[in-house]
1. Give the calculated FRET efficiency between residue 175 and residue 31 to the nearest 0.05, with a Förster radius of 45 Å applied to their Cβ-Cβ distance.
2. Calculate, for residue 16 and residue 187, the FRET efficiency according to 1/(1 + (r/R0)^6) with r their C-beta to C-beta distance and R0 41 Å; round to the nearest 0.05.
3. Which pairs in the list 5/56; 22/217; 117/140; 22/56; 108/189 are over 26 Å apart, alpha-carbon to alpha-carbon?
4. Please give the length that would be gained between residue 221 and residue 233 if that part of the chain were fully extended, namely 0.36 nm times their separation in residues minus their C-alpha to C-alpha distance (nm, one decimal).
5. Along Cα→Cβ, 7 Å out, is where each label goes; now give me the distance between the ones at residue 145 and residue 52 in nm to one decimal.
6. So with the 1.4 Å probe, I'd like the accessible area per residue for segment 113-179, rounded to whole Å².
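The values are calculated or read from the model by the stated rules, or taken from the named source; none is laboratory data. What you are looking at is a predicted structure, and each value in this text was computed from that prediction instead of being measured. All Cβ positions, glycine included, derive from the backbone under ideal geometry; neighbour counts span all protein chains shown. Just so you know, the surface numbers come from the protein's heavy atoms only, side chains and all, with ligands and any DNA or RNA stripped out. Shrake-Rupley method; radii C 1.70, N 1.55, O 1.52, S 1.80 Å.
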Amino acid sequence: MENFKSIISNNEFPISEMILGKTIRNSIFTLIKSEHLKFNRHSSISISELNRYRQKYLETYLIKEVGELTTLEEDVLQSIVNQDLISANKLPEEVEISKNFGERLADKVASFGGSWKFIILFSVIIFIWISANIILLANKGFDPYPFILLNLILSCLAAFQAPVIMMSQNRQEEKDRERANQDYMINLKAELEIRTLLEKLDHLIIHQQQEMLNIQKVQVEMMEDIMNKINTSKNG
């Protein structure tokens with residue numbers, strides 16, 4: 001397999017990984033040039049080295065915009081270099097953040113306690129309780145008016161239900177936080193990718209314009225040569 005030597009590391013790489021300096025956009029080229037003075041438009045580097053400088057450029061841009069990089073921003077930069085999809089990661093609702101039995105039970109209790117099934121069932125129980133003590137037992141039953149035992153049960157139920165609901169809310173907040181972090185990473189990566197794409201388009205347009213100017217110069221030179229030959233043949 002044919003190899004080439006990188007000018008910035010002096011290491012050999014397969015020819016298929018060769019990137020010429022003239023194909024690198026100006027922002028990345030300037031960054032490489034600042035660290036390796038011998039690097040020019042005719043120099044060659046590998047795609048892995050180019051990706052490393054792309055990451056450095058994006059890090060510099062992020063530090064300039066947001067200050068010190070967090071773990072999330074570093075993960076985004078790494079995903080760009082590795083060409084990974086952040087959205088391929090499982091969402092928080094697909095992955096249980098905690099496997100604790102008590103917390104999973106709290107989720108189920110809070111879910112049932114906030115449903116119409118619970119409201120209807122609890123209303124039926126209270127109606128039967130009150131009807132049984134007032135109507136069937138002529139207010140001389142096990143819990144006559146003003147239903148002290150029922151109030152005690154309701155108070156105990158509320159006292160136990162409140163911390164269970166808070167436990168479930170804490171778990172939901174943790175899931176929402178993970179989801180918000182993932183949305184932030186996706187949006188940040190999209191912004192960086194768009195910025196990189198725009199710079200590539202600018203570099204491509206400039207490169208094409210330069211190529212068109214070179215072609216026009218060659219055409220003009222060819223026309224001048226043809227005109228000189230015609231004039232020479234006429235004079236001869």
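1. Approximately 0.70, to the nearest 0.05.
2. 0.75
3. Where the Cα-Cα span goes over 26 Å, the pairs concerned are 117/140; 108/189.
4. Length difference between fully extended and current span is 2.5 nm.
5. My value for the distance between the label points is 8.7 nm.
6. Numbers: 4970 Å² over 67 residues.
I get 74 Å² per residue for this part.
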